[in-house]
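Trainee: Once you've had a glance at the structure underneath, I'll fire off some questions.
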Amino acid sequence: MRKFFSFFINYNTYLLFVVYCSIALLFMKLQNDDFVTKLRNSGMEFTALMSEKLGSYSYLLNLQKENDRLMQVNTDLLSRVLSLETAATDERNRQKILADTTINASKFTLARVVERRFSDRENMLVIDAGWRNGIKKDMTVLTPEGLVGRVTSVTEHYARVMPLIHPDFKVSVVSDKSNSMGILSWNGGREFIAHVEHVPISSHLALNEQMVTSDFSTFSIRGVPVGRVVSIKPDKLFYTVEVRLAVDFSSLSQVLVAPLKAEPEKVEISSDNSTGEPFF
Amino acid sequence: MLGIVPLVQEFGLSRLSLFGVSPDAITIYLAFIALIAGQRSSTSFGFASGIIIGILSGNIGLNMLVRTIEGFIAGYFHIPDSSHSTTKQKTRRIYGAVVMAGFCGNAVFAIGYNPLALSPLYRIAVLGVLESFLTLILAVILNWLFLRKSLAD
């Protein structure tokens, strides 16, 4: 007993270190637990609030630059509207087919990016819209230029967004001309280049084709631009495709959040593999 | 100080990033605690600051682990009061603690979480060294401005 106490007294720093490390490892193991999630969300709410306050000063200082950028966006949108109006007459007959119930622009939520982290320790965005504004987990975040990411957690006033340029982010895409499909992901490196996997060697994908989100995606609405094909290299079965992303993540300040794509049956049937057959 | 330093790190220094890494005030704080109060205190302070920074950044467990390890390693640079060391010797010890604790903490973080899909070797060898260097520069500045006086007492 005496030996035990003397051991405890002599090595108490090491024991303390082991206890602390064990608690830390326990927290890592239980990171999706309700208590830890609540703790994380309250921390995120506080961080976002502080960042918003701090960011508002630099926001005011950069208004001139922001105005110029918005003017450029307006010009681009105006040219798009003009070309669409010209095509509207031809399209009227096909309107019923093109009408998509999953896209309802009036339900989009406008939000401001209040926190942006792109470092070796964090890679995320925080927007100033939370569940009070109707934001839910897995909603698509986009800009008029293209896809930004998906909502990963929501608090009352803020939401955390996993950007497209995150190694865990994947989305089903399709090319606008050749209809080639694949899975878009970002594997590190340059922040404006992503890769499209599983594009069969038999497809007719060409350079400069625009990639948009496909209907196969379980979270994203279809037709959101993602980027343009800049490189195609053939492999044994599939092409290795590089896409230049449409969104400039370095100057992201305003985003839109699309309504949740409610397809529980599709998710259910996609995850059901009871037959043992491969599912694509 | 325990409440202020993580806030300064999270809302101030983490925004001064160079190649995706930034200087770390918490490591300097732990090195200072280790020097004056010993390994047990620096380990406990590391654990506590890890909780705060973890809640703020959203990665609680890993931050707790990293900061505890940093505090523990910094503790090896403790100088007992009875040693009658000079200010220069204490300063050297702080710099040593900052570099060693910072580098090891960064290595553990690199193994635990990789949000930019960088090679672990690159993160540990290049970014780890760069972060330790930036933290050392900050430690030199802080020493010149504030710590020197405390260490001389």
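Trainee: Starting from the Cα-Cα distance between A:I201 and A:Y11, subtract it from 0.36 nm times their residue separation and give me the gain in nm to one decimal.
Mentor: 62.1 nm
Trainee: To continue, here is another question. Output the relative contact order of region A:105-269, whole-number percent, from Cα pairs under 8 angstrom with separation of 6+ residues.
Mentor: Computed value for region A:105-269: 24 percent relative contact order.
Trainee: State the extension gain, in nm to one decimal, for the chain segment bounded by A:L77 and A:N32, taking 0.36 nm per residue of separation less the distance between their alpha-carbons.
Mentor: Computed gain between A:L77 and A:N32 is 12.0 nm.
Trainee: Compute the whole-percent fraction of alpha carbon pairs in chain B spaced more than 24 Å apart.
Mentor: Within chain B, distances greater than 24 Å cover 26 percent of Cα pairs.
Trainee: May I ask for the net charge around B:G102, where only other residues with Cβ less than 9 Å from the Cβ of B:G102 are counted and Lys, Arg are +1 while Asp, Glu are -1?
Mentor: -3
Trainee: Along each principal axis of its Cα atoms, how long is the protein assembly as shown end to end? Whole angstroms, biggest number first, please.
Mentor: Cα spread of the protein assembly as shown along its principal axes, largest to smallest: 91, 59, 44 Å.
Trainee: If one takes the longest principal axis of the Cα atoms in chain B, at what angle in degrees, from 0 to 90 and to the nearest 10, does the Cα axis of helix B:87-112 lie?
Mentor: Approximately 20 degrees, to the nearest 10.
Trainee: Taking the Cβ of each residue in A:V113, A:V151 as the centre, tally the other Cβ atoms inside 10 Å and list the residues starting with the fewest.
Mentor: A:V113, A:V151
Trainee: Right, next: For each pair in A:K170/A:K236; A:K65/A:K170; A:K29/A:K137; A:K136/A:K170, compute the distance between the two Cα atoms and list the pairs where it is over 25 Å.
Mentor: Over 25 Å Cα-Cα: A:K65/A:K170.
Trainee: FRET efficiency for A:N62 and A:D235, Cβ-Cβ distance as r, R0 = 30 Å, nearest 0.05?
Mentor: 0.10
Trainee: Once label points are set 7 Å from the Cα along Cα→Cβ at both A:I183 and A:K136, what is their separation, rounded to one decimal in nm?
Mentor: 2.5 nm
Trainee: Can you return the lysines within cross-link range of B:K88? Criterion is Cα-Cα under 23 Å, with same-chain partners fewer than 8 residues away left out.
Mentor: Cross-link targets: B:K149.
Trainee: Here's a follow-up. Using a Gaussian network model of chain B whose springs link C-alpha atoms within less than 10 Å, name the residue from B:G54, B:G128, B:G112 with the highest mean-square fluctuation.
Mentor: Checking each option, the largest mean-square fluctuation is seen for B:G112.
Trainee: Helix B:25-37 sits at what angle to the longest principal axis of chain B, using alpha carbons and giving 0 to 90 degrees rounded to 10?
Mentor: Taking Cα atoms only, the helix is inclined about 30 degrees.
Trainee: How far, in degrees from 0 to 90, does helix B:39-57 lean away from the longest principal axis of the Cα atoms of chain B, to the nearest 10?
Mentor: Here the helix axis deviates by roughly 30 degrees.
Trainee: Given 20 °C and 1.002 mPa s, compute D for region A:105-269 with the Stokes-Einstein relation, Rh being the Kirkwood radius over Cα pairs; round to the nearest whole µm²/s.
Mentor: The estimated diffusion coefficient comes to 133 µm²/s.
Trainee: Suppose R0 equals 45 Å; then what is the FRET efficiency for A:S22 and B:S119 from their Cβ-Cβ distance, rounded to the nearest 0.05?
Mentor: 0.90
Trainee: Contour minus end-to-end for A:L70 and A:D215, with contour as 0.36 nm per residue of separation and end-to-end as the Cα-Cα distance?
Mentor: Once the chain is fully extended between A:L70 and A:D215, it gains 49.2 nm.
We did not get these values from a lab; they are worked out from the coordinates using the rules stated. Fair warning: this is a prediction, and the values are worked out from it, not measured in the lab. Don't worry about glycine lacking a Cβ; one is built from the backbone with ideal geometry, like all the others, and counts go over all protein chains shown.
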